[in-house]
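In what follows, a structure is listed as structure tokens, so that the remarks can point back to it.
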Amino acid sequence: MAPARSVRVRGVVQGVGFRPFVYRLAAAHGITGWVLNAGDGVHIHAEGSEEALGAFLRELEAHAPPAASIDAVEISPADAGGFADFRIRASEGERDHPTARISPDLPACASCLAELSDPANRRAGYPYINCTDCGPRYSIVLGLPYDRASTTMAGWPMCPRCAGEYHDPADRRFHAQPLACGDCGPRYTFRGGARTASSDAPSGDAPAAAATGDVAITEAARALCAGQIVAIKGLGGYHLVCDAWRADAVRALRERKYRKDRPFALMSKDVETAHAIAHLTPEAEALLTSPARPIVLAPARAELPYVAPGNGDLGVMLPYTPLHHLLFARGAPDLLVATSANRSSEPIAYRDDDALERLRGIADAFLIGERPIARRVDDSVVRAGALGPVVLRRARGYAPRSVARLPTRQPILALGADLKNTITLVVDGEAFVSQHIGDLEFHEAYLAFEETVRDLVAMYGVRWSDLTVVHDLHPQYVTTSFALSLPARVTRAVQHHRAHVASVLAERGALDARAIGVAFDGTGYGDDGAIWGGEFFAGSVLEGFRRVAHLRAAVLPGGDAAARWPVQAAAGFLSGLDHLPDLTAPPFGFPPRYAAARRVVSAGLRTFPTTSAGRLFDVAAAILGFTHEVTYEGQAAIWLEQLARGAGSAEPYPAPFEAGELDFRPALRAAIEDRARGRSDAEVARAFHAGLARGIADAIIALCAAEATGTAVLSGGVFQNELLLGDVASYLRPTVIQLLTNRDVPPNDGGISLGQAALALGADDPVPTSPSDP
């Protein structure tokens with residue numbers, strides 16, 4: 001009998017054409033046996049000569065399909081079965097719980113796009129065209145292993161021609177689970193005004209059908225050219241779409257959606273159009289064209305009224321579904337606003353009936369696809385950062401990839417924070433981070449959170465009674481209440497800022513690395529019950545983190561309201577400074593809210609201690625003219641950073657680090673004095689950034705020396721500020737200190753759940769909580 005090997009391949013190896021690849025590779029090397037999808041990856045039984053097996057196994061890793069990502073290939077001797085050929089077997093059922101990684105959704109590939117525009121091809125103009133190298137994955141999966149019966153395509157039996165391709169090992173659609181064509185697959189329908197056009201029957205007053213006969217998409221393109229707002233069903237939900245060049249259309253969308261200032265995302269017809277509207281570096285273009293096809297933030301080149309009010313950056317993405325390409329081909333404007341279809345602060349609509357109800361009054365028309373979406377998945381947002389690519393919102397194209405391996409067999413569910421929520425599920429040591437869910441203070445977002453938790457736990461077949469559930473230390477977070485309601489094996493609380501630091505080290509696989517961790521953000525519940533947000537820690541993930549320093553404490557009048565009004569935060573942060581000028585007079589012009597907040601501080605009523613770096617940036621913004629209400633998180637700090645970009649360089653303001661405190665007062669005093677003297681606002685903003693960065697760097701150097709470590713970690717929403725991050729790195733460059741930041745999960749609260757999961761491993765685990773512990 002010929003030698004035989006048993007092979008298990010782990011990673012993203014289901015739904016990416018891996019089994020057909022193995023089949024063809026086996027045929028090329030004369031290997032017999034079989035391959036199948038299993039709950040923990042792909043299993044292979046291979047028989048052949050030692051030489052043939054060696055070549056087969058080498059190429060298995062070296063030439064995997066482009067969309068695959070192999071993490072491990074486990075090979076062991078096996079008993080020969082005397083197989084006459086090599087076959088793809090039906091998937092195995094789950095033995096315990098599956099650990100195979102689900103592929104993110106993939107953009108339309110070049111081969112499918114060529115067929116899409118080829119009038120001679122039977123799939124020309126078909127909006128659901130796909131193959132093993134592209135198309136939906138995570139957004140249509142209902143269960144594992146990944147097979148058609150476990151997707152939302154189960155309701156469309158394949159026609160004979162599609163079935164022939166599906167079963168032909170030589171075809172690139174061999175075992176492509178979402179496979180369909182215009183004869184057997186789902187369609188799109190256009191609904192607008194008093195008429196409806198379906199994708200297979202022209203309406204009476206519709207224009208002549210396009211070459212493919214698909215009138216619905218042509219109608220949608222015409223509506224966009226006419227300045228209408230169209231709700232379009234995509235991969236992970238609906239977009240609200242309009243012509244980005246028409247200020248009237250964009251203004252109408254902003255008004256109908258009740259979205260005051262938060263920027264809209266743009267979809268560009270092609271890379272050339274993207275370059276025309278934004279300054280794209282080679283690094284940014286590489287992100288734009290990557291398989292994730294995210295929204296990429298870049299400095300604006302063109303003026304687009306109402307797209308990003310008061311913001312110097314634009315968020316642009318390329319078309320990633322066949323439908324998007326067809327819209328542009330049918331004459332849609334070459335630059336579209338494509339924002340999540342929802343009212344302000346609600347989750348994206350992804351079910352047809354819900355979209356029709358919730359978007360009534362916002363959208364003038366609907367382009368509705370028949371294929372159901374299994375789960376809502378927003379577009380991802382990234383930036384080419386000072387220290388490499390930064391993920392700001394992790395969703396389509398990235399989720400639900402595993403981002404870390406943790407040394408545990410115990411399943412862990414980490415529930416994240418209440419803002420920018422994501423969850424992390426650890427199964428057999430693989431940390432799967434969910435798509436962005438949103439801000440859970442809003443009821444619809446909380447329902448989406450519950451749905452995502454139950455979806456991911458069910459997907460991986462984890463029993464609730466086996467779970468370690470991890471939540472934020474804040475006793476009033478809704479994630480805390482939810483955690484305590486679950487029938488878990490044990491429930492643990494993890495402090496917010498420690499989780500920020502741990503998320504970086506977990507990504508790097510450096511769980512035992514001793515480091516100085518710096519976590520700067522807006523709000524987090526501290527060990528002492530105060531509002532933390534400017535924290536320095538020492539330790540490691542496995543040994544735990546000690547708080548060793550912090551931003552100097554200030555007082556915050558009015559609590560959460562101070563996060564909405566920078567001048568209200570200023571009343572608390574400036575209360576420690578003597579001999580201030582009249583900030584209600586020019587050039588400062590603080591409104592009456594500032595004086596009222598000063599009286600609250602003086603009386604000591606409803607004031608809260610805080611070390612929040614986020615509020616510190618708000619105060620600096622207020623000093624330089626941002627005296628109105630914040631309409632989205634981080635708005636004032638973003639405004640301040642963009643103001644500072646216009647100054648080039650500036651001598652840093654003093655922000656001394658002494659006795660475990662980073663003192664912001666000298667920097668704020670200098671900013672007030674310089675503005676009063678008439679120094680340019682941009683230079684003042686630049687000097688503030690440089691000063692705080694120098695203070696952070698000085699603190700890191702001192703703490704690394706005291707703790708005998710050469711590694712520093714930066715995380716938290718404040719470090720989304722590229723100017724600050726670049727300055728800190730510049731000041732540390734002459735040293736030997738290694739600086740680590742987030743790469744695969746966001747530095748904002750979207751990365752918290754990964755850090756929580758990692759800290760559940762430590763020798764100094766947080767104290768278990770239970771429903772009786774408030």
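The values are calculated or read from the model by the stated rules, or taken from the named source; none is laboratory data. Quantities reported herein were computed from a predicted structural model and do not represent experimental measurements. Please note: Cβ atoms are built from the backbone with ideal geometry, for glycine as well, and neighbour counts cover all protein chains shown. Quick note on the areas: whole protein, heavy atoms, side chains included, nothing else; ligands and nucleic acids left out. Shrake-Rupley method; radii C 1.70, N 1.55, O 1.52, S 1.80 Å.
Points to keep in mind about this one:
- Calculated accessible area for the chain comes out at 36 Å² per residue, all protein chains present (probe 1.4 Å; ligands, DNA, RNA ignored).
- Over segment 404-524, relative contact order from alpha-carbon pairs under 8 Å, at least 6 apart, %: 23 percent
- Label selected from [x] 89, 67, 51; [y] 101, 80, 68; [z] 183, 108, 47, the criterion being Cα extents along the principal axes in Å as computed here: [x]
- Apportionment of accessible area to carbon and sulfur, segment 30-77, percent (1.4 Å): 51 percent
- Heavy-atom accessible area order for 500, 175, largest first, 1.4 Å probe: 175, 500
- Segment 660-725 - percent of accessible surface contributed by carbon and sulfur, probe 1.4 Å: 47 percent
- Isolated cysteines of the chain, defined as having no other cysteine beta carbon under 4.7 Å away, are 112, 131, 162, 181, 225, 242, 704.
- Using just its DSSP H runs of length 4 or more, each adding -39500 (n - 2.57), the chain gives a mean residue ellipticity at 222 nm of -9000 deg cm²/dmol after division by all residues.
- Cβ-based net charge around residue 174, under 9 Å, with every Lys or Arg adding one and every Asp or Glu removing one: +1
- The packing ranking of peptides 691-697, 403-409, highest mean first, is 691-697, 403-409, where packing means the average number of other beta carbon atoms within 10 angstrom of each residue.
- Charge tally for residue 291 (other residues, Cβ to Cβ under 12 Å; Lys, Arg +1; Asp, Glu -1): +2.
- Percent RCO, i.e. relative contact order, over the chain, from Cα pairs under 8 Å lying at least 6 residues apart: 11 percent
- Expressed as a whole percent, the accessible area of segment 216-372 that falls on carbon and sulfur atoms is 50 (1.4 Å probe).
- With the highest mean first, a sort of the peptides 321-330, 299-308 on other beta-carbon atoms found within 10 angstrom per residue produces 321-330, 299-308.
- Ranked packing of 421-433, 273-285, 551-563, 31-43, most packed first, by mean Cβ within 10 Å: 421-433, 31-43, 551-563, 273-285
- Segment 247-326 has equivalent-ellipsoid semi-axes of 22, 15, 11 Å, by the square roots of 5 times the alpha carbon gyration tensor eigenvalues, sorted largest first.
- Other residues lying with their Cβ under 9 Å from the Cβ of residue 381 contribute a combined charge of +1, Lys and Arg counting +1, Asp and Glu -1.
- Remark: relative contact order (segment 107-150) = 31 percent; criterion is Cα-Cα distance under 8 angstrom and separation of 6 or more residues.
- Whichever lysines have a C-alpha closer than 26 Å to that of residue 260, once near sequence neighbours (fewer than 8 apart) are set aside: 233, 420
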